[in-house]
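The values are calculated or read from the model by the stated rules, or taken from the named source; none is laboratory data. What you see is a predicted model, and the numbers here were worked out from it, not measured in a lab. Quick reminder, even Gly has a Cβ in these numbers, built from the backbone with ideal geometry, and neighbours come from all protein chains shown. Ligands, DNA and RNA are stripped out before the accessible areas are found, and what is left, the full protein with its side chains, is counted by its heavy atoms. Shrake-Rupley method; radii C 1.70, N 1.55, O 1.52, S 1.80 Å.
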Amino acid sequence: MKKYKKTLQEINMWIEDYIEAKDICRYALKENSSTIYLNLCDQPIYQEYSGNKILHEQIISYIEKVYSYTRKNSHLRIKILFPEEMKAEEQQNIKKMLQLHYAIEFQEINRKILRTNIKGTISLFLGALLFFIFGILEWYKVNFIFQGIIEIFSWVFIWEACDSFAFTNSENRLRRLRLLNLYRACQNIQDF
């Protein structure tokens, strides 16, 4: 581990230098806040063929990529540099579109969590029911040809429920937290 200590210190130094270099860095970390800087000058803002109604997907991708570098327990802010010729009304529309995007994504992830919970509950119920049937067959020593298959299916359904509750839902909840933070940041977008 000693040979990596110097490398880790160099990496931390490079990251700190990058964060402090405002001319190349696109985010800022302070004690209680993180700021994402978004420069819309000389960049395509809207999706092609959308009639200026849908933001370019690279904007959303950029915000989510930079979010991964910010401190998760700090207050997140987004600052946008608009082209000089852009009217204030269009700037407000862009801010609203960003907020709407994350509101819709947040709503969709909540639905996905609900579907996963329902699927997990049904799988757990079916697994328990099949295991109960297997137990009854074992108790009465019924020689049923599909008894082993029933036991296997019961464990498959129980495992599927565990997978839904433990793994899939934890990933979805982390995504929901990310979307909630980004939605809240979009409620108070500032100009820079």
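At-a-glance table
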read-out	value
Selection count where residues are among the aromatic types (Phe, Trp, Tyr) and either part of a loop (DSSP other than H, G, I, E, B) or surrounded by 14 or more Cβ atoms within 10 Å (Cβ to Cβ) (or both), scope region 156-183	3
Selected residue (only one of 73, 110 is modelled with pLDDT of 95 or more and either at negative phi or surrounded by 13 or more Cβ atoms within 10 Å (Cβ to Cβ) (or both))	110
Flag for residue 100 being over 19 Å from residue 55 (Cα atoms) and out of contact with any Leu (no Cβ under 9 Å at 6 or more places or on another chain)	no
Single match in 67, 37, 49 (criterion: touching a residue at least 60 places away in the same chain (Cβ under 8 Å), of a type in the set (Phe, Trp, Tyr) and open to solvent by 20 Å² or more (accessible area, probe 1.4 Å))	37
Total residues in region 119-155, condition open to solvent by 50 Å² or more (accessible area, probe 1.4 Å), of a type outside the set (S, T, N, Q), closer than 26 Å to residue 176 by Cα and in contact with a Ser or Thr (Cβ under 9 Å, 6 or more places away or on another chain)	2
Residue 31 surrounded by fewer than 10 Cβ atoms within 10 Å (Cβ to Cβ), of a type outside the set (Lys, Arg), assigned to a loop (DSSP other than H, G, I, E, B) and modelled with pLDDT of 80 or more	no
Any hit, region 184-191, residues being under 19 Å from residue 60 (Cβ atoms), out of contact with any Lys or Arg (no Cβ under 9 Å at 6 or more places or on another chain) and in a helix (DSSP H, G or I)	yes
